[in-house]
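Contents: one structure, followed by commentary.
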Amino acid sequence: MQILIFALASIFFGHLFTNILIAGSQQKKLMLALIATAIINIIANIIFIPIYSYTGAAIVSVVTELFVVVTTILLVLHYTPYKFKSIKLPFILLSGSVMILLHFTLPFTPFITAGTSLIIYAILLFTFRVIERDDIMQILPKKA
């Protein structure tokens, strides 16, 4: 599970860029990339699971998800007009790094550790103005 947590972050970004490709009508290119990823994943699992057991499977999952992220980013950059605004990226990475550090060092139960890490992450995102009050207000349901 400690290895697979990194796959979760990759899945988030992979899903984001996958949706950008779908919105940009690039489903065929996306499908080719995902088929290639599936083939690589199957081959890597066949190689690494007999040697490293579930640890190998977890690492292959993380690498596969990272491959999806890199591939979809490249497709987005090449085939869509979407441009990245990376001005807040250092603050996002710093906040995420603090969250990961806390997650692996806090001496609480897993549930309390995860909750505490998540709260600190959210506080840092607000502190660095990565997420602002208006952003939250846009996703909350409107009152009738």
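Bear in mind that the values in this text are calculations on the coordinates, not laboratory data. It should be emphasised that the depicted structure is a prediction, and the values quoted were computed from it without experimental measurement. Virtual Cβ from ideal backbone geometry, glycine too; neighbours counted across all protein chains shown.
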Practice task
Using only the Cα atoms of the chain, each taken as one equal point scatterer with no solvent, compute I(q) by the Debye sum, divide by I(0), and report log10 of the ratio at q = 0.11, 0.19, 0.21 Å⁻¹.
Solution key: -0.58, -1.21, -1.25
Practice task
Just the number, please: Stokes-Einstein D of region 1-84 in µm²/s, Kirkwood Rh from C-alpha pairs, 4 °C, 1.567 mPa s.
Solution key: 97
Exercise for the section: At most 15 other Cβ atoms within 10 Å plus a DSSP loop assignment makes a site exposed; report the longest stretch of the chain without any exposed chymotrypsin sites (Phe, Trp or Tyr not before Pro). Expected result: 1-81
Fill in the blank from the handout: In nanometres, the difference between 0.36 nm per residue of separation and the alpha-carbon distance of Glu132 and Ile42 is 28.2 nm
Exercise for the section: Enumerate by residue number the trypsin sites (Lys or Arg not before Pro) in region 38-127 meeting two conditions: DSSP loop (anything except H, G, I, E, B), and at most 10 other Cβ atoms within 10 Å of the site's Cβ. Expected result: Lys83, Lys85
Problem - Computed helical MRE - 222 nm, the chain, DSSP H runs ≥ 4 contributing -39500 (n - 2.57), nearest 500 - result: -28000 deg cm²/dmol
Practice task
Please provide three numbers in whole Å: the alpha-carbon extents of region 86-144 along the principal axes, with the largest listed first.
Solution key: 44, 31, 14
